[in-house]
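In what follows, a structure is listed as structure tokens, so that the remarks can point back to it.
The values are calculated or read from the model by the stated rules, or taken from the named source; none is laboratory data. This is a predicted model, so every value here is computed, not measured. Using ideal geometry, Cβ is built from the backbone for each residue, glycine included, and neighbour counts are taken over all protein chains shown. Surface accessibility is based on the protein's heavy atoms, side chains included, excluding ligands, DNA and RNA. Shrake-Rupley method; radii C 1.70, N 1.55, O 1.52, S 1.80 Å.
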Amino acid sequence: VLLGPAAFSDAGGWPVDLDSHVRHLSGIFLALGLTFYATIPSIERKTALFRLAAALVVAGGLARLLGLAVNGVPSGPHLAGLTLELVVVPALAVWQGRVARQLG
């Protein structure tokens with residue numbers, strides 16, 4: 001949010017629209033992280049909120065996967081993000097569902 005595209009490259013000279021878009025998406029991701037954080041207390045009762053947040057992350061991962069298919073393989077950090085979005089977050093959603101069934 002604070003660095004804009006400079007968080008990803010020190011090239012500088014980005015178009016204003018790119019800077020705006022990167023900061024906007026960073027703000028959304030910050031809010032999404034806070035949403036996940038809000039589920040921590042009583043996570044067994046916050047299944048709907050957790051699954052909504054997870055679905056948003058997976059949707060972003062699918063969009064990133066489309067970019068990979070169209071433009072080729074991105075850099076390592078983006079592949080790590082893709083793994084988090086399409087493997088780790090769905091696994092966490094399954095885990096949260098088990099916790100909800102056991103404790104809820």
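Summary of values
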quantity	calculated
Identity of the residue in region 24-54, open to solvent by 80 Å² or more (accessible area, probe 1.4 Å) and touching a helix residue (DSSP H, G or I) at 6+ places or on another chain (Cβ under 9 Å), that ends up farthest from His78 (Cα to Cα)	Arg45
Residue in region 39-50 that is in a helix (DSSP H, G or I), touching a residue at least 12 places away in the same chain (Cβ under 8 Å), among the aromatic types (Phe, Trp, Tyr) and closer than 28 Å to Ala93 by Cα present	yes
Odd one out for Val1, checked against (1) assigned to a loop (DSSP other than H, G, I, E, B); (2) without any contact (Cβ under 8 Å) to a residue 24 or more places away in the chain; (3) not aromatic (Phe, Trp, Tyr)	(2)
Single unsatisfied condition, Trp14 versus (1) part of a helix (DSSP H, G or I); (2) over 19 Å from Ala91 (Cα atoms)	(1)
